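Notes follow once the structure below has been shown.
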Amino acid sequence: MAEPHEFFSPNQADVAAKVIDRELIAIRLLDGTYYSLEPVGTRVWQLIEAGQNVGSIVQTVAAEFGASVEQVAADLRNLVDELLSEGLIVRRDDPGRTAEAPLAASGERYLAPRLNIYRDMGNLLALDPPTPGIDDLLYRDRKRE
């Protein structure tokens, strides 16, 4: 369970993520599982990326979305636990540097953040897995010509 003093960061070694129009899209590179978060969850992700601890994220989200601190804290604990179990974020021992998080979109109402999980890409990769090292072989063959 995430505690207010804890810090997390995106698992950059295993996950590719991008925010597009207030929605986070993330892909776990190991198996092709992809994920999405709506605006509140995306804002949490941005604040995690910026290096804020859980307590600070709760305060920021509650203020920006006009929600109670208690509700946000409970919802954030659930989201962080799910992000951890899916391997999308990792715990950090040190706070590191805090970066400036992008501004939140105004006018959004608070909805409990929910991680949407799509496992169908993993099935497609299993049918036609990428061939490791193929780019190196192709490059070498072109070089010989």
For this session: Apply the Karplus parameterisation 6.51 cos²θ - 1.76 cosθ + 1.60, with θ equal to phi minus 60°, to every residue of region 81-94 and state each ³J(HN,Hα) to the nearest whole Hz, in sequence, with x for glycine and proline.
Result: 4, 5, 4, 5, 5, 7, x, 7, 10, 10, 6, 10, 6, 10
Exercise. From the backbone phi of region 114-119, what are the Karplus-calculated ³J(HN,Hα) couplings (6.51 cos²θ - 1.76 cosθ + 1.60, θ = phi - 60°) in whole Hz, Gly and Pro given as x?
Worked result: 10, 7, 8, 10, 10, 9
For this session: Please report, largest first and rounded to whole Å, the three semi-axes of the ellipsoid equivalent to region 1-120, where each semi-axis is the square root of five times an eigenvalue of the C-alpha gyration tensor.
Result: 21, 17, 13
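Read-outs throughout are calculated quantities, based only on the coordinates presented, and are distinct from any laboratory measurement. Worth saying up front: this structure is predicted, and the values here are computed from it rather than measured.
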